[in-house]
Amino acid sequence: MKLLVTGGCGFIGSHVIDALILDGHEVINLDALTYAADPANNAAVAGSPRYRFVHGNICDAALVADLVNEVDVVVNFAAETHVDRSLHDPVPFVRTDVEGVAVLLEAVRRRPGLRLVHMSTDEVFGSLPPGVEADVNRPFAPASPYAASKAAAELLIAAYRHTYGLPITVIRACNLYGPRQHPEKFIPLFITQALRREPMPLYGDGLQEREWLYIDDFVDAFRRVLAAPDGGPLVVHVASGERLPNRRIAELICGLTGAPLSLIHPVADRPGHDRRYALDASTARALGWAPKVPLEEGLARTVEWYRVHGRSRLEREEYRRWFVAQYAERLGAGKGGESG
Ligand code: TYD
């Protein structure tokens, strides 16, 4: 089939495109090349005659309307995704994650038969009490501007499904990790800091719990969603069940990189920090899916990737500015000193 994948120069989108090209599909990658994108992420497919890159924004209605005419399926990974950035500057999140989705929905509505697969997140449910897993029908309770923008997009999608009967699949995933993730995120940040023997800024008490899934396992679930008969389920939860406090992840990273535990550096907490996420992944399992890469193995693979590739990203000017704005004062307030 022929697919329009948005945000295909990012972490998740680029891994999915690699798989789609491998599976024999044709892919148009529409990406705005914001700070989080890296065209190097598409190196494996760039030479394929079945791959085409288009530089553009999902908010560009004319461009999107043009591109959807060429494809059978639209897959939306284009998004602002970093919670901390959404606390500093929420409006770009509303623009891309809500308005961008509205533009995609309009384009899909005008092309009957076109299928949309949209990437969402466990964060739409907000923080969950201990022992609770969110099933696909749990009410939303987003707590950050990022989560609120993703929840808003989902409400819009639900309305389009209901009103126009559009075939839209939403995938909500737990925290994904692996090669190519932007170093602003927790695991790649801690790995790159550990490899450089620089302080790892752990928010608050470090006992916040996240559920972690290796990117290859996500791609496997995505393939099954795409292949599901009759468009598959409306909402699929893709999650590993591997739920750990952040401090434990930091300790594992120290173990894998040989960094001393003393580099784990408690800093002021993220405002409004969600304590715990957990998804009931029975919808993905019903597609025959099960995660295959245990956390320690996935982390080891990720460490190896950043050992080789991490440096070039850290050296980018934009990232250095972010690191200083986000961490210099917090780390300086403790024992850590200069970093980044
Ligand atoms: P993150 O990768 O930003 O994902 P999300 O907030 O969307 O789950 O953060 C994962 C967890 O790690 C989250 O509980 C916040 C924490 N964290 C830190 O302790 N220090 C950091 O420097 C970052 C970026 C995150």
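The values are calculated or read from the model by the stated rules, or taken from the named source; none is laboratory data. Remember, it's a predicted structure, so these values are computed and weren't measured experimentally. We place every Cβ from the backbone using ideal geometry, glycine too, and count neighbours over all the protein chains shown. Please note that ligands, DNA and RNA were not included when accessible areas were found on the heavy atoms of the full protein model with its side chains. Shrake-Rupley method; radii C 1.70, N 1.55, O 1.52, S 1.80 Å.
Values for this structure:
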quantity	calculated
Some residue of the stretch 228-238 being within 20 Å of Gly298 (Cα to Cα) and out of contact with any Lys or Arg (no Cβ under 6 Å at 6 or more places or on another chain)	yes
Filter result for Val68 (crowded, with 19+ Cβ neighbours inside 10 Å and in contact (Cβ under 8 Å) with a residue 60 or more places away in the chain)	yes
Neighbours by Cβ (under 7 Å, 6+ apart or cross-chain): first from the stretch 199-220, within 8 Å of the ligand (Cβ to nearest atom); second modelled with pLDDT under 95 and open to solvent by 20 Å² or more (accessible area, probe 1.4 Å)	Pro201/Arg330
Only one of Phe190, Phe140 that is in contact with a helix residue (DSSP H, G or I) (Cβ under 7 Å, 6 or more places away or on another chain), at pLDDT 95 or above and part of a loop (DSSP other than H, G, I, E, B)	Phe140
Scan of the stretch 77-106 for residues that are in contact with a strand residue (DSSP E or B) (Cβ under 9 Å, 6 or more places away or on another chain), open to solvent by 10 Å² or more (accessible area, probe 1.4 Å) and either of a type in the set (A, V, I, L, M, F, W, C) or away from the ligand (no atom under 16 Å from the Cβ) (or both), ordered by number	Phe77, Ala78, Ala79
Sole residue being of a type in the set (Gly, Ala, Ser) and more than 30 Å from Arg115 (Cα to Cα), chosen from Gly241, Gly258, Gly231	Gly258
Subset of the stretch 129-166 (residues that are acidic (Asp, Glu) and either within 15 Å of the ligand (Cβ to nearest atom) or open to solvent by less than 60 Å² (accessible area, probe 1.4 Å) (or both))	Glu154
Given (1) touching a residue at least 24 places away in the same chain (Cβ under 8 Å); (2) small (Gly, Ala, Ser); (3) farther than 29 Å from Asn41 by Cα; (4) open to solvent by 10 Å² or more (accessible area, probe 1.4 Å), index of the condition Gly241 fails	(3)
Failed item, numbered, when Ala278 is tested on (1) away from the ligand (no atom under 16 Å from the Cβ); (2) at pLDDT 95 or above; (3) surrounded by 19 or more Cβ atoms within 10 Å (Cβ to Cβ)	(1)
Given (1) open to solvent by less than 10 Å² (accessible area, probe 1.4 Å); (2) in contact with a strand residue (DSSP E or B) (Cβ under 9 Å, 6 or more places away or on another chain); (3) within 16 Å of the ligand (Cβ to nearest atom), index of the condition Thr169 fails	(3)
Subset of the stretch 175-196 [hydrophobic (A, V, I, L, M, F, W, C) and either open to solvent by 10 Å² or more (accessible area, probe 1.4 Å) or out of contact with any strand residue (DSSP E or B) (no Cβ under 8 Å at 6 or more places or on another chain) (or both)]	Leu176, Phe186, Ile191, Leu195
Gly232, sole failed condition from (1) buried (at least 17 other Cβ atoms within 10 Å of the Cβ); (2) within 12 Å of the ligand (Cβ to nearest atom)	(2)
Residues being more than 16 Å from the ligand (Cβ to nearest atom), within 25 Å of Arg276 (Cα to Cα) and open to solvent by 30 Å² or more (accessible area, probe 1.4 Å) - total across the stretch 107-128	0
